[in-house]
Amino acid sequence: MKAAHIAARIASLLPRTMSTSSPSPSLRALQPPQHKGMTALDRSKFALTIPVLAARVRAGDMGAVRKHDLLRGHIVDIPKIRSITPDADPALRRLLLRVADPAELPEPTRAFLADSGIALEPDSVTLGYEHWTASEILNAVIETKEDEDTPSSFTQTGHIAHVNLREEWLPYKAMIGQVILDKIPSIRTVVNKLSEIHAEYRYFDMEVIAGDEDFVATTSESGCTFTFDFAHVYWNSRLHTEHERLISQFAPGSVVADAMAGVGPFAVPAAKRGAYVLGNDLNPESVRWMRENRVRNKVEERLRVTEADARAFIRGAPAEAWRNPFPRSEPLTTRQREREARRRREAAKEAGVVLPREEKAEEETPKPQTVDHYVMNLPDSALEFLDAYAGSFTPLLDEPGFDAAATTLPLIHCHCFTRFLDLDAATRDINERATAALGHPVTTDMDGYLLHLVRRVAPNKDMYCLTFRLPHDVAYKKIV
Ligand SMILES: C[S@@+](CC[C@H](N)C(=O)[O-])C[C@H]1O[C@@H](n2cnc3c(N)ncnc32)[C@H](O)[C@@H]1O
């Protein structure tokens with residue numbers, strides 16, 4: 001067990017007022033018995049008996065003695081272990097102290113016990129499997145190196161824990177799964193992600209290593225509930241900050257077109273907060289669950305779901321929003337509107353973004369008829385889809401009442417990966433690829449330009465969100 005880990009464990013077992021820098025010698029090496037190589041879980045093998053001292057106190061004095069300043073920091077304080085036990089003499093009770101030897105107690109404490117006529121006797125407490133954390137048990141059986149993750153680390157999605165086991169941990173997989181199930185009450189299923197990722201729909205192959213074969217998870221994010229089949233759709237709880245960052249920028253009444261919407265982590269909360277949303281995905285399973293989540297979160301009126309390739313969806317969204325406007329549903333209350341405006345201002349300040357020009361209060365936009373934001377979260381290849389914007393607004397030029405001069409073109413939020421970890425190099429790399437696909441220069445001085453670092457996904461790979469306003473020349477390009 002690693003030193004820092006032992007210290008943390010001792011800290012969790014000691015009374016809060018105790019300093020962990022000088023634990024009693026008998027507790028210093030507190031860790032479960034080591035059984036390196038155990039592959040079938042035997043819970044009985046993790047019992048550990050610790051020598052302690054029992055102070056034999058008259059039953060009637062116990063209340064005062066255990067609270068005495070000179071004793072308070074020395075009493076055994078371990079969850080699920082009783083610190084007061086019966087004594088052979090029915091007039092006495094045993095108060096367990098966390099030292100094995102009277103010499104470990106400070107002189108004033110010893111003097112107090114002697115003056116009070118309280119005798120000390122050797123005793124012991126026994127910790128069992130239930131006293132150790134998942135990582136303590138797994139570190140007791142699996143050899144790990146100092147710089148490695150521990151086999152007990154997992155990500156939780158609803159009732160599912162997903163682990164990413166190294167090759168050398170595979171012989172222990174059933175045990176790792178069982179220990180996680182035993183220790184985390186909200187987990188019913190433990191899966192190991194296999195290396196295969198579905199090339200198009202971006203979900204992982206996985207195998208159940210413990211618990212129920214139930215992949216339909218329910219989880220919450222951005223104030224909404226999401227249910228989905230984790231084995232057949234993409235979901236990543238680590239993206240919740242990014243979901244929230246963009247959602248906070250969508251004004252109530254604005255139209256958001258999410259081209260790769262998955263089960264709806266941008267689309268559903270955006271609709272919930274008053275935007276009108278076109279949510280699209282190519283994976284029929286994602287579409288099915290996005291529809292389900294739309295109902296569960298009561299946003300049927302504000303979220304329209306389609307199953308199409310992102311290119312066709314991007315091209316068709318402006319005409320769809322114009323020709324088939326969303327029915328006006330009940331406007332937000334003034335309070336909701338103010339809350340949303342505050343949320344957007346704070347998010348924009350934090351992200352260092354100037355709020356988009358099209359932001360208006362809902363009453364000023366009686367009919368949502370043009371797309372205000374596109375979201376493209378398919379970082380592996382979304383940049384390549386930028387060619388679809390060429391001429392996407394051209395069909396509107398023939399629509400009665402459409403005025404290109406009075407129309408604010410949408411902001412495009414396009415997620416991507418780069419191998420360049422330095423911001424300048426990443427900016428050059430992403431702008432170049434965006435330029436090539438869009439057929440128009442993408443530069444830092446464009447209207448609405450922002451390159452936001454979402455997260456490091458691997459030691460040599462960063463995920464960004466590139467935002468810029470769709471250039472007029474691209475939007476109205478002549479379609480031949
Ligand atoms: C990385 S996931 C993101 C899902 C969701 N936006 C989120 O943040 O969780 C990418 C999504 O793109 C979808 N997808 C992949 N290729 C697509 C395409 N050509 N057109 C539309 N959607 C696509 C996948 O099915 C998947 O749901």
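One residue stands out among those in the stretch 52-78 that are open to solvent by 40 Å² or more (accessible area, probe 1.4 Å) and at pLDDT below 95: the one that is farthest from Leu105 (Cα to Cα), which is Asp77. All of Ala140, Ala161 fail the test of being within 18 Å of the chain's Cα centre (by Cα) and among the aliphatic types (A, V, I, L, M), apart from Ala161. Among the conditions (1) at pLDDT below 95; (2) over 23 Å from Leu303 (Cα atoms), Pro471 misses just one, which is (1).
Each row is one residue, and each column tells you yes or no for (1) among the hydrophobic types (A, V, I, L, M, F, W, C); (2) within 11 Å of the ligand (Cβ to nearest atom); (3) surrounded by fewer than 24 Cβ atoms within 10 Å (Cβ to Cβ).
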residue	(1), (2), (3)
Arg238	no, yes, yes
Thr241	no, no, yes
Ala257	yes, no, no
Ala261	yes, yes, no
Gly274	no, no, yes
Glu285	no, yes, yes
Asn297	no, no, yes
Arg311	no, yes, yes
Gly316	no, no, yes
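Return the residues of the stretch 245-255 that are among the hydrophobic types (A, V, I, L, M, F, W, C) and away from the ligand (no atom under 12 Å from the Cβ); say none if nothing qualifies.
Restricting attention to the stretch 245-255, the residues satisfying the condition of being among the hydrophobic types (A, V, I, L, M, F, W, C) are 246-247, 250-251, 255.
Once the filter is applied, which keeps residues that are among the hydrophobic types (A, V, I, L, M, F, W, C) and away from the ligand (no atom under 12 Å from the Cβ), the stretch 245-255 yields Phe250, Ala251, Val255.
Are any residues in the stretch 128-143 part of a helix (DSSP H, G or I) and open to solvent by 10 Å² or more (accessible area, probe 1.4 Å), and if so, which ones?
Going through the stretch 128-143, the residues part of a helix (DSSP H, G or I) turn out to be 129-131, 134-141.
Scanning the stretch 128-143 gives Tyr129, Glu130, His131, Ala134, Ser135, Asn139.
Criterion applied to His440, His413 was being within 16 Å of the ligand (Cβ to nearest atom) and surrounded by 14 or more Cβ atoms within 10 Å (Cβ to Cβ), and the one residue passing it is His413. Take the conditions (1) more than 9 Å from the ligand (Cβ to nearest atom); (2) crowded, with 19+ Cβ neighbours inside 10 Å; (3) in contact (Cβ under 8 Å) with a residue 40 or more places away in the chain; Arg302 misses just one of them, which is (3).
Mind checking which residues of the stretch 111-130 are in contact with a helix residue (DSSP H, G or I) (Cβ under 6 Å, 6 or more places away or on another chain) and farther than 29 Å from Gln34 by Cα? Residues satisfying the conditions are Phe112, Leu120.
Of all residues in the stretch 193-202, at least one satisfies being of a type in the set (Lys, Arg), outside the structural domain of Asn297 (by TED's automatic domain parsing), in a strand (DSSP E or B) and surrounded by 14 or more Cβ atoms within 10 Å (Cβ to Cβ). Within the stretch 221-236, if we keep just the residues that are near the ligand (Cβ under 10 Å from one of its atoms) and touching a Pro at 6+ places or on another chain (Cβ under 8 Å), the residue that is least open to solvent (accessible area, probe 1.4 Å) turns out to be Phe226.
The values are calculated or read from the model by the stated rules, or taken from the named source; none is laboratory data. Values in this document were obtained by computation on a predicted structure and should not be read as measured data. Here the Cβ is made from the backbone with ideal geometry for all residues, glycine too, and neighbour counts use every protein chain on show. For accessibility, only protein heavy atoms count, side chains too; no ligands or nucleic acids. Shrake-Rupley method; radii C 1.70, N 1.55, O 1.52, S 1.80 Å.
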